[in-house]
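Participant: Sharing a structure here in structure tokens format.
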2 protein chains.
Amino acid sequence: MPARPQPLSRKDRRRESEKLILRAAEKVFAEAGFGGATMQLIADVAGLPKANLHYYFPTKESLYRQVVESIFQNWLTAADVFDSAPGPVEGIGAYIDAKMEISRRYPDGSKVWASEVMHGAPVIQDYLETTLVDWTEGRMAVIQRWIDEGRMDPIDPRHLLYMLWATTQHYADFGHQIETLNGGAPLSDAQWQAAKASVKAIILKGIGA
Amino acid sequence: MPARPQPLSRKDRRRESEKLILRAAEKVFAEAGFGGATMQLIADVAGLPKANLHYYFPTKESLYRQVVESIFQNWLTAADVFDSAPGPVEGIGAYIDAKMEISRRYPDGSKVWASEVMHGAPVIQDYLETTLVDWTEGRMAVIQRWIDEGRMDPIDPRHLLYMLWATTQHYADFGHQIETLNGGAPLSDAQWQAAKASVKAIILKGIGA
DNA sequence: CCACACTCTGACCAACCGGTCAAGTTTTTT
DNA sequence: AAAAAACTTGACCGGTTGGTCAGAGTGTGG
């Protein structure tokens, strides 16, 4: 019996349409920013009439909000590696790997997030103040514990986290600049490995892990 | 004899008007992005009628271009400290100090630059391919020399530069996020010093300098 | 003092944007 | 199969945007 394509239910079709629109929106928002993006262009990228977008997402801002929120969720879950690690070498090393991989695979999401924060986080300020603050304090406590256990130098955990975010996200947000400095070509597989290795080597040695 | 306000010449008045507009434009472009910025808002911030802007800068894009170019120049000159240094501790240390200071004093410029690059550098791609490539290769050679002289670990100079850019500019581009994580308050003088010290400590130790 | 070039600005315009809506089509429920 | 609910879409609209322009104001060289 062949894998017959089940006639998709209404909920499935709806979810698929929403995903299609959200993907197109993420791309357009990343390329043009919120102000520069137009519903018409998002519709064209998604291959739908503009009015259809407004059926699923009533306003441009609500569409943008969902894009940003999904990115934020993606961010948080990718950092679970942090907690289950016995020490900084494994924890921070895995965190760098995970974030570099996100930068490589979902650069658009990273750019949208960067743009949102740079413009003062007009739509996700509440998330910053609650979820991100909690998350950050949790990881800072983990790092502080490692310090207290003598597993790394007494670095200010806050600035270490900033450095991790900055360095890993840089490869997505400034990917175009990096590409230009690479002779116009995207980083090869080997170059990505080298980037990860360099980042990990400098930071892990830098914190005395 | 008192310092009498010399009746400004025409050229001086023109230059002053242009500076006034450029400052306002930098602020508005940083806050709203190119697409979100409006000539009307720039005019309001500058305290001039909108038509006056178009007298000095024919189009929105030409105004934006000049803003970005001036930022780029500011960038390059700020990195002279690199060359005259005898070794990585002084050179990279001073470079971090200089770039952190720029992030602190001119965050708007940093944001405009980041936004421009994130959107594919539509107006300064030629600068990236010529000036920035040359500049980068020059500093990479300096770092490589330090490595050859045994003054630091054999790190890939390229990724070290990326890390320096990412980390220092992060404090400007993501300043709002950092502020939120700081309880909503901007970093104090002491906190800025701590940030600089943390960054320098991790990186300089991380490269074995 | 005059002629000329430079500077300034309110009023205006075509193009475009986000969003609406009514009418049509498809799918599910009864 | 009929009715209801969900979905699709071309046409349309008020508001905003970048940019124009004629004409008024102002400093400067001869």
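Participant: Restricting to DSSP H runs of at least four residues, report the calculated mean residue ellipticity at 222 nm for chain B, -39500 (n - 2.57) per run over all residues, nearest 500 deg cm²/dmol. Please list the in-between numbers first.
Facilitator: Working: 10 runs with 148 residues, N = 209.
Rounded to the nearest 500, the figure is -23000 deg cm²/dmol.
Participant: Placing a label point 7 Å from Cα toward Cβ, how far apart in nm is residue A:135 from its equivalents in the other copies, listed shortest first to one decimal?
Facilitator: Label point to label point, same position, other copies: 3.2 nm.
Participant: Still on this structure, I have one more. Taking the simple approach of a point 7 Å from Cα along Cα-to-Cβ for both residue B:70 and residue A:193, what is their distance in nm?
Facilitator: Between residue B:70 and residue A:193, the label points sit 4.7 nm apart.
Participant: Then there is this: Considering only protein heavy atoms, what is the solvent-accessible area of residue B:11 at a probe of 1.4 Å, reported in Å² to the nearest 10?
Facilitator: Rounded to the nearest 10, the figure is 150 Å².
Participant: May I pose another question? In nm, to one decimal, how far is the residue A:129 label point from the residue B:83 one, both placed 7 Å along Cα→Cβ?
Facilitator: Inter-label distance under the simple model: 4.9 nm.
Participant: Sorted from shortest, what are the nm distances separating the label point of residue A:58 from equivalent points in the other copies, each placed 7 Å from Cα along Cα to C-beta?
Facilitator: Computed spacing set for this position: 4.6 nm.
Participant: Would you work out the relative contact order for chain A, in percent, from Cα pairs under 8 angstrom that are 6 or more residues apart?
Facilitator: Worked out over chain A, it gives 22 percent.
Participant: I need the GluC sites (Glu not before Pro) found in segment B:110-179, filtered to DSSP loop residues with at most 12 other beta carbons within 10 Å of theirs.
Facilitator: Working: sites: B:116, B:129, B:137, B:149, B:179; in loops: B:149.
Answer by residue number: B:149.
Participant: Can you flag which of A:99/A:205; A:19/B:27; B:19/B:111; A:111/B:99 are past 29 Å Cα-Cα?
Facilitator: A:19/B:27
Participant: If you don't mind, there's one more thing I want to ask. Evaluate the Debye formula for the protein assembly as shown with equal point scatterers sitting on the alpha carbons, no solvent, and hand back log10 of I(q)/I(0) at q = 0.14 Å⁻¹, in q order, two decimals.
Facilitator: After summing over all Cα pairs, the log10 values are -1.35.
Participant: If you wrap a convex hull around the C-alpha atoms of chain B and split its volume per residue, what is the figure in Å³?
Facilitator: In chain B, the Cα hull volume divided by residue count equals 176 Å³.
Participant: Once you've got the GNM for chain B with C-alpha springs shorter than 10 Å, pick whichever of B:113, B:75, B:135 has the biggest mean-square fluctuation.
Facilitator: The residue that fluctuates most here is B:135.
Participant: Let me ask you something else. Quick one: check the C-alpha center-to-center distance for segment B:128-178 versus segment A:116-165, whole angstrom.
Facilitator: Comparing the Cα centres of segment B:128-178 and segment A:116-165, I get a distance of 24 Å.
Participant: Please list the radius of gyration and Dmax for segment A:9-58, considering alpha-carbon atoms only, with Å as the unit.
Facilitator: 10.8, 36
Participant: Hey, another quick one. Normalised radius of gyration for segment B:1-106, please: alpha carbon Rg relative to 2.2 N^0.38 Å, two decimal places.
Facilitator: Taking N as the residue count of segment B:1-106, the ratio is 1.39.
Participant: Post the alpha-carbon centroid distance, segment A:58-107 to segment B:182-209, in whole angstrom.
Facilitator: Between the Cα centres of segment A:58-107 and segment B:182-209 lies a distance of 24 Å.
Participant: Can you work out the accessible area per residue across the protein assembly as shown, with the rest of the protein chains kept in place, probe 1.4 Å, in square angstrom?
Facilitator: Here the residues of the protein assembly as shown average 47 Å² of exposed surface.
Participant: Additional query: When the scattering of segment B:98-194 is computed by the Debye formula from its Cα atoms alone, each counted once and equally, what is log10 I(q)/I(0) at q = 0.18, 0.24 Å⁻¹?
Facilitator: -0.97, -1.22
Participant: Turning to a different aspect of this structure: Using a label point 7 angstrom from Cα along Cα-to-C-beta, what distances in nm, from shortest up, separate residue A:184 from the other copies?
Facilitator: 5.1
Participant: Which of B:199, B:133, B:45 ends up with the largest GNM mean-square fluctuation for chain B, with Cα atoms connected below 10 Å?
Facilitator: B:133
The values are calculated or read from the model by the stated rules, or taken from the named source; none is laboratory data. The structure presented is a predicted model; accordingly, all values stated were derived computationally and were not measured. Don't worry about glycine lacking a Cβ; one is built from the backbone with ideal geometry, like all the others, and counts go over all protein chains shown. SASA here: full protein model, heavy atoms, side chains in, ligands and nucleic acids out. Shrake-Rupley method; radii C 1.70, N 1.55, O 1.52, S 1.80 Å.
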